[in-house]
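Novice: Quick one: the structure is below, and I'll ask about it shortly.
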Amino acid sequence: LVAGVVHRSPSAPCHFFLRSGELWHAVDPADVVEAVGTSAEGVTVLELLCDACAVACVAAGLLQDLPPGSDLLQVCIRLRHVHRRLHALSNILGELRQGKSLGTAWANCSLLWHTGEPDVAALWAPFRSSLSCCSSDFVAHFSASYGAPSPEEAALFLSWLNSSPQGQISFSNVLAILQPLGVWAGFLHCTNWPELFGQQLYPCIRSGSTALVTSATAQELVRLRRQREASVKIELMTRKDLREGARTTKAVLGALGFIAAVDADDGLLVQLASPEVAACVRDPRTSVSRILRLVARGSDFVAATECPSDLIAREIPLRFPNITRSRDQHNLLATLHSRKPHLSRDLLLQETCVHREVAEYSLRRCEAALTIGPVAATDLWQRVREEVVILRRHAAESFGFHPAATDSTTCLQPLLLEVEHAEEIGAAASALAAHQRALWIWEGSDFQHAAMAADLPLADLVFTAEKESALLQLKRSWEREELVQLELVLLDLEAVFAKYRRRLHEYDQQLTGMIAAKEEVVAKTHHDLARAEVQARVAESKTQERELDMAERDNVVSLDVKKEELQVAISRMEQRLESLTKKYKQAQSAIKK
């Protein structure tokens, strides 16, 4: 399939992949299964082989389905990575046929596998000689490289990697998620996908509301339009289905160059890197669409009227609650700013690796030229010299030089006959020489074709590697733009904080003056209160004295009242005594009478 596509698409620089087809053309799948066995490691190797073949089929379908004039560079880059993987797998099968164990074969060939994936290789470095690892060890090494994730993020990340109930992670599952996007971008896609669209996320966080921030520049409008054109909706599918689904689906989406998969209304919204690829996926007549329907189990791929950037405002209250205050916004943006360099570091690692590959491919081109050129050229020129010697010998024999014949008269007639015969032989020799020159030209063209056949795959590898390096530099520039935008938002918040601090300082000065005035009033009040307390104590003592005087006066008054009452009683008693005395005298006088 790839060979036919290459011949139909001469502009696609992927002649190097024909050698991968030659390596696997005569391989029987039953022999592969028998060679790797049915152990867990063998199943992982078969998964890697199936994923590589699926990616190759999708890439070949894209080369066939993309319209003329489309950018085929990213497809050829994916074929280059698959070419390296298939080369590593063929080396593994070769060592297995020599009687080596699967672990030994993988340990010997894992370096070739990890050559073009430096970020994944660095993450898998402690487990390089194995095809699986413990989930806790994997998370610990990830934390040491990229910072410790939260428990919720770690659990969600492991669920995307399809961690087994025994806590084991397969290398094929890690590669299906992290290789297409990169380690940090893959982690963000699994745990917090809005961070992948920082140009829309940061203004939404700065606004502190759930409303979508309206694009103000033509560049942002064009970017959003291209994102919508590069988006595809998979009906009746969610992120949970993709997370728990088959590994091949993730590998195929990675071959298409997907950036993120987001839950939308009635389906899964997939953001691809190229609008042309998205158009091929949406067209049901293309081979890529048929492959995807087979992998996605009949789900339809339809055009999307929105892109993930349009859904960020809906995700903010769910993922970042309580960001209405400027201080909370600043803390969140500062956290995102601290995590941003991880993606740039992965891109820099990949770019460094691509530069190393370019140097390696260039060296191999030189070695191929030195191997083919001198040997073929020496053989060609040796044959040329031999033919020249033969022609000279025939010419000498045709003229019939006989040194012993000195009598010119006796040899004249035979000499004339010899000259005539030599002219005939010379004409034949000229025709032979012309034929031989044509033969030399033909052999030279064969040499040129052989040199071109040996050099063209390496030249294509160099070309695709250099273009991949340029693409990585472009991605790094995009990341720097997002980082600059994030820093501008942080500076805006800090300017707001400075303005608020100035206002608070002025208000603090006002409050300080008011407090000083109030303190003076309070001090004066305390002084007056002390004087009032002294006066109160004096007044209280005087009141007590007056109360004592009043009590004495009351006693005198009561005594006067009692005295008057007693005087009245005495006067009454005296009057009664007088009346009784009168009565007594009258009685005595009556008695005497």
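The values are calculated or read from the model by the stated rules, or taken from the named source; none is laboratory data. Keep in mind that what you see is a predicted model, and the values were worked out from it rather than measured. Quick reminder, even Gly has a Cβ in these numbers, built from the backbone with ideal geometry, and neighbours come from all protein chains shown. Just the protein is used for accessible areas: all its heavy atoms, side chains included, with ligands, DNA and RNA removed. Shrake-Rupley method; radii C 1.70, N 1.55, O 1.52, S 1.80 Å.
Novice: Mind jotting down the distance between the C-alpha centroids of segment 300-318 and segment 555-569, whole Å?
Specialist: 109 Å
Novice: Further question on the same structure: How large are Rg and Dmax for segment 484-593 when calculated on the C-alpha trace, in angstrom?
Specialist: Considering segment 484-593 through its Cα atoms, Rg and Dmax are 44.9, 152 Å.
Novice: Give the calculated FRET efficiency between TYR500 and ASP266 to the nearest 0.05, with a Förster radius of 56 Å applied to their Cβ-Cβ distance.
Specialist: Working from the Cβ atoms, E equals 0.80.
Novice: If contacts are Cα pairs under 8 angstrom and at least 6 residues apart, what is the relative contact order of segment 96-220 in percent?
Specialist: Computed over segment 96-220, the figure is 19 percent.
Novice: I would also like to ask the following. Going from most exposed to least, what order do LEU236, LEU178 have by accessible area with a 1.4 Å probe?
Specialist: LEU236, LEU178
Novice: In nanometres, what is the gap between the two model label sites at SER326 and TYR584, each 7 Å from Cα along Cα-to-Cβ?
Specialist: It works out to 11.6 nm between the two label points.
Novice: Hey, what did segment 38-171 get for relative contact order, percent, Cα under 8 Å, at least 6 apart?
Specialist: Relative contact order of segment 38-171: 21 percent.
Novice: Would you grab the residues whose amide H sits under 5 Å from the one on ALA264? Only those 5+ places off in sequence or on another chain, please, with H modelled 1.01 Å from N.
Specialist: LEU269
Novice: Calculate, for LEU529 and ASN555, the FRET efficiency according to 1/(1 + (r/R0)^6) with r their C-beta to C-beta distance and R0 25 Å; round to the nearest 0.05.
Specialist: 0.10
Novice: To continue, here is another question. Residue by residue, what Karplus-based ³J(HN,Hα) values in Hz, rounded to whole numbers, does segment 240-257 have, using 6.51, -1.76 and 1.60 with θ = phi - 60° and x for Gly and Pro?
Specialist: Karplus-based 3J(HN,Hα) across segment 240-257 equals 5, 5, 5, 5, 8, x, 6, 5, 5, 4, 5, 5, 5, 4, x, 5, 7, x Hz.
Novice: Show the residues, 5+ positions off or on another chain, whose built amide H is closer than 5 Å to the amide H of ASP300.
Specialist: GLU235
Novice: Hey, any idea what % of segment 229-282's accessible area is carbon plus sulfur with a 1.4 Å probe?
Specialist: Here it works out to 48 percent.
Novice: Now for a separate question. Relative contact order (percent) for segment 211-295, with alpha-carbon contacts under 8 angstrom and 6 or more residues of separation?
Specialist: Relative contact order comes out at 32 percent.
Novice: What ³J(HN,Hα) values, in whole Hz, does the Karplus curve 6.51 cos²θ - 1.76 cosθ + 1.60 give for segment 463-475 when θ = phi - 60°, with x put for Gly and Pro?
Specialist: Karplus-based 3J(HN,Hα) across segment 463-475 equals 5, 5, 5, 5, 5, 5, 4, 5, 5, 5, 4, 5, 5 Hz.
Novice: What is the extension gain from CYS366 to SER136, computed as 0.36 nm multiplied by their sequence separation minus the C-alpha to C-alpha distance, in nm to one decimal?
Specialist: Here the answer is 78.2 nm.
Novice: Using a 10 Å cut-off on Cβ atoms, rank the peptides 114-121, 263-270 from the highest mean neighbour count down.
Specialist: 114-121, 263-270
Novice: Per residue of segment 283-291, in order, report the coupling 6.51 cos²θ - 1.76 cosθ + 1.60 (Karplus, θ = phi - 60°) as ³J(HN,Hα) in whole Hz, putting x for Gly and Pro.
Specialist: Working through the residues one at a time gives 7, x, 8, 7, 5, 5, 5, 5, 4 Hz.
Novice: Assuming R0 = 41 Å, can you tell me the calculated FRET efficiency for the pair GLU152 and THR217, based on Cβ-Cβ distance, to the nearest 0.05?
Specialist: So, using R0 = 41 Å, E works out to roughly 0.70.
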